[in-house]
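Each remark here refers to the structure printed beneath this line.
The numbers here are math on the coordinates, done by the rules we state, and not lab data. Keep in mind it's a predicted model, so treat the numbers as computed, not measured. No Cβ is skipped: glycine too gets one built from the backbone with ideal geometry, and neighbour counts run over all protein chains shown.
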Amino acid sequence: MFKVMFIDDDPMVLRMAGFMMKKIGHTALTVSSANEVMATAKDSRPDIIFVDAEMPDMNGLDVIKMIKSDTDTADIPVYMMSGTVSQELKVKAISLGAAGVVEKPLKAPEIVKIVSTI
């Protein structure tokens, strides 16, 4: 069983992600504010993190930088989630250390495939 962290300000996305992970036997850690990311990541040590590109308190690129710059969390794979995936966003996210970018709304088969690669 894996711990999968989802960071998004949309409660519907977090509920759906939690349901997807529970259905396949994994634990979903949900965070609705970028300000909670590091404390949750350090305390819970997720196996993988999905972060929304656009949030009110901090954008996803800054969250990736924060995760990847801390020695306690730098080794955790991070995927960016966005409703508007562009080549520019992919390049920026990957250059900061993201493993990839997934399109929202999330599709269960895609998320399950990514989580199964851990």
Among M21, S33, P11, whose Cα lies farthest out toward the positive end of the dipole of segment 1-50, if unit charges sit on the beta carbon of Lys, Arg (+1) and Asp, Glu (-1)? M21
Only residues of segment 70-105 count here: report those whose backbone N is under 15 Å from the spot 7 Å along Cα→Cβ of R45, or say none. 71-77
Mind checking the dipole of segment 12-95: about its Cα centre, +1 per Lys or Arg Cβ, -1 per Asp or Glu Cβ, Debye to the nearest 20? 320
Simple SL model, points at 7 angstrom along Cα→Cβ for E103 and S86; separation in nm is 1.6
Projected area of segment 1-51, taken from the Cα convex hull and averaged over every viewing direction, in nm²? 3.0
Measure off 7 Å from each Cα along the Cα-to-Cβ vector at I94 and E36, then give the distance between these two points in nanometres to one decimal. 3.2
Computed, not fitted: 222 nm per-residue ellipticity of the chain from DSSP H runs ≥ 4 (each -39500 (n - 2.57)), nearest 500, equal to -12000 deg cm²/dmol
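For a protection proxy built on the mean count of beta-carbon atoms within 10 angstrom, sort 84-91, 28-35, 95-102, 44-51 highest first, please. Spell out each step's value before the answer.
Values: 84-91: 11.9, 28-35: 18.1, 95-102: 16.1, 44-51: 20.6.
Peptide ranking by packing, descending: 44-51, 28-35, 95-102, 84-91.
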Other-chain or far-sequence residues with amide H under 5 Å of F50's (modelled H): M5, F6, I7, Y79
